[in-house]
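Data first, discussion second: the structure below is written as structure tokens.
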Amino acid sequence: MLMITCTVTGNREFVGLDAVRSVTNHPDHIAVAVTCPACGGEHVHRTGRRLDEARRAARLEAAVRRAAELAPA
Ligand SMILES: [Zn+2]
């Protein structure tokens, strides 16, 4: 689970791993693209800028990769 802010409604939304579309590593952060449960659009959540967030993002990325290996699209 991670929390995003919907850019359409402005609300904070919890999204699960099944909503994650892609995880992209950048030098100073990790961009997580998710399908928004509120508006159905795709939002990019940037994380990993702090150590605790980086650890959480690394676990998220590992979980997404594992899920992709188990169920190739
Ligand atoms: Zn949204």
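Please treat every number below as a calculation from the coordinates, not as lab data. The structure displayed is predicted, hence computed values, not measured ones. Every residue, glycine as well, gets a Cβ built from its backbone with ideal geometry; the counts of neighbours run over all protein chains shown.
Which shape class, rounded, prolate or oblate, goes with the range 2-70 when its Cα gyration tensor gives a ≥ b ≥ c as root eigenvalues, a/c under 1.5 marks rounded, and past that a/b bigger than b/c marks prolate?
oblate
For the chain, with only Lys/Arg (+1) and Asp/Glu (-1) charged at the beta-carbon, what is the dipole magnitude about the Cα centre, in debye rounded to 20? Write down the numbers at each step before the final one.
Numbers: 10 positive and 8 negative charges, 39 e Å.
Charge dipole of the chain: 180 debye, to the nearest 20.
With loop membership from DSSP and a limit of 14 other Cβ atoms within 10 Å, the longest segment of the chain without trypsin sites (Lys or Arg not before Pro) is 1-48. A crude spin-label estimate for the pair GLU53 and LEU17, with each label 7 Å from Cα along the Cβ direction, gives 2.2 nm.
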